[in-house]
Amino acid sequence: MNFTKFPRRKYLQGSTPVESMPALSKVLGTDVNLYVKRDDLLPGSAGGNKTRKLEFCIADALEKGADTIITCGAVQSNHARLTASWSAKEGLECHLLLEERVKGSYKKKASGNNFLFELLGVKSIEVVKGGSDMMAQMEKKADDLTAAGKTPYIIPGGASNPIGATGYAVCAEETMNQLNEMRLDIDHIIVPSGSAGTHAGMVAGMTGVSGNIPISGVNVSRPKEEQEEIVYKLAEETAQRLEVKMGINREDIVCFDQYVGPGYSLPTDSMVEAVKLFAGTEAILLDPVYSGKAAAGLIDLVRKGHFPKGSNVLFLHTGGSPALYAYMDTFRLDINEH
Ligand SMILES: *Cc1c(COP(=O)(O)O)cnc(C)c1O
């Protein structure tokens, strides 16, 4: 794959680590060897997957002469935090539209990412009702800013368009190079699947390098069929952008939706268990909304014997740990019971 013809800022030097998780593998007591790709350690305040996407999205904004970034996300959005982070670093104004997907969940004084939005100097935060047309809201904001003499650029939710997903095609290639270097034969990759740019970019990139490692997504909100269609469409568009000739096989897009629980961002027992297991065995911090639920999926699939004995399974850790501090009671309550 040739990434040189796209505008790109280099926010990452070298690669994020691929690490073995022997203690976690042992605790699960099966014959499956777990590994982790540490995208939680990406640069950008407190790390996480959006940095890879923003390398391309912010570069596109700068090329188009923008001086202002508008984006959207949920009330504890990691994407909003990292967009604010890289905007600050690039000297761009940043405006956020936050969707209150769970009624009453926005608290101006909340900790976690919400606290960091302010610290990173965002120019405005507007909270809108769950289910709003976020693109329409951002366009309205862009019109207002244009009228005020600014040159705004809209980054869609999660930076999940073909421009942002290109960052995860880069990650797929980077991962294959590392695995070849380590002579580590991975049988399966598990990724969180939300606004879909991560999952779609990984599949497009894996197809582009003919890595042939199956990639499964663990959903954080939508039902399986719906999410698979979204991932497939974006993977196709990304593959076209990258001129990946073979295109995407529909069968290569697989999502699990049984770990969502009552809904997006709402805690589940298996998420709490996963966060505690990763912290207690490998000293790796997950988050309650994405990587915690994806890890709950990984753990359940391992326990159920979904992966054949002796398999090597790689978990893509997409970050998000600042959100833990907005959910402390969820974890504390559980501790008090012991
Ligand atoms: C956004 C996010 C995801 C999901 O990635 P998508 O590309 O939106 O599917 C996973 N984990 C964390 C921590 C995130 O912030």
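Across Lys233, Lys53, Lys224, Lys109, the residue with the most accessible area heads the list, and the full order at a 1.4 Å probe is Lys109, Lys233, Lys224, Lys53. Beta bridges from DSSP with both residues in the chain: antiparallel share about 10 percent, rounded to the nearest 5.
Specify which residue in the list Met1, Ala66, Val18 is farthest towards the positive end of the charge dipole of region 1-122, using unit charges on the beta carbon of Lys, Arg (+1) and Asp, Glu (-1), about the Cα centre. Working it through, the farthest residue towards the positive pole turns out to be Val18.
Computed with a 1.4 Å probe on the full set of protein chains, the accessible area for Tyr327 sits at about 40 Å². Each residue of region 262-307 gets 72 Å³ once the volume of the Cα convex hull is shared out per residue. Measuring with a 1.4 angstrom probe and ignoring ligands and nucleic acids, Val75 comes out at about 20 Å² accessible. Calculated on the Cα set of region 156-222, radius of gyration then Dmax: 12.0, 38 Å. Measuring with a 1.4 angstrom probe and ignoring ligands and nucleic acids, Arg101 comes out at about 110 Å² accessible.
Using +1 on the beta carbon of Lys and Arg, -1 on that of Asp and Glu, and nothing else charged, what's the dipole of region 50-159 about the Cα centre, debye to 20?
Working: 16 positive and 14 negative charges, 107 e Å.
It comes to approximately 520 debye.
Placing Phe278, Phe256, Phe115 in order of accessible area, with the largest value first and a 1.4 Å probe, yields Phe115, Phe256, Phe278.
Run the dipole for the chain about the Cα centre, Lys and Arg Cβ at +1, Asp and Glu Cβ at -1, nothing else charged, and hand back the magnitude in debye, nearest 20. It would help to have the intermediate numbers written out before the result.
Values: 36 positive and 41 negative charges, 104 e Å.
Once rounded to the nearest 20, the dipole reads 500 debye.
Counting residues in region 50-159 as N, plug N into 2.2 N^0.38 Å and put the Cα Rg over that result.
Working: Rg = 12.9 Å, N = 110, 2.2 N^0.38 = 13.1 Å.
That works out to 0.98 for region 50-159.
Surface analysis of the chain yields an accessible area of 42 Å² per residue, using protein heavy atoms and a 1.4 Å probe.
Quick one: Cα convex hull volume of region 277-338, Å³ per residue? Intermediate values should be presented prior to the final figure.
On the way: hull volume 6.4 nm³, N = 62.
So the per-residue hull volume is 103 Å³.
The share of Cα pairs per 10 Å bin across the chain, counted from zero up to the longest distance, runs 6, 27, 36, 23, 7, 1, 0 percent.
With helices defined as uninterrupted DSSP H runs, which ones in the chain have an alpha carbon span along their own long axis of at least 15 Å and mean Kyte-Doolittle hydropathy of at least 0.0? Don't jump to the answer; show the numbers that get you there.
On the way: long enough: 50-63 (19 Å, -0.18); 78-90 (18 Å, -0.97); 134-147 (20 Å, -0.54); 162-182 (30 Å, -0.09); 197-208 (16 Å, 0.45); 224-241 (25 Å, -1.46); 291-303 (18 Å, 0.63).
For the chain, where a helix must reach 15 Å along its axis and average at least 0.0, the hits are 197-208, 291-303.
Note on region 50-159: dipole from Cβ charges, positive end direction compared against Ala110, Ala80, Thr146; the farthest Cα belongs to Ala110.
The values are calculated or read from the model by the stated rules, or taken from the named source; none is laboratory data. The structure displayed is predicted, hence computed values, not measured ones. For neighbour counting, all protein chains shown are included, and Cβ atoms are generated from backbone atoms with ideal geometry for every residue, glycine included. Note: areas computed on protein heavy atoms with side chains; ligands, DNA, RNA excluded. Shrake-Rupley method; radii C 1.70, N 1.55, O 1.52, S 1.80 Å.
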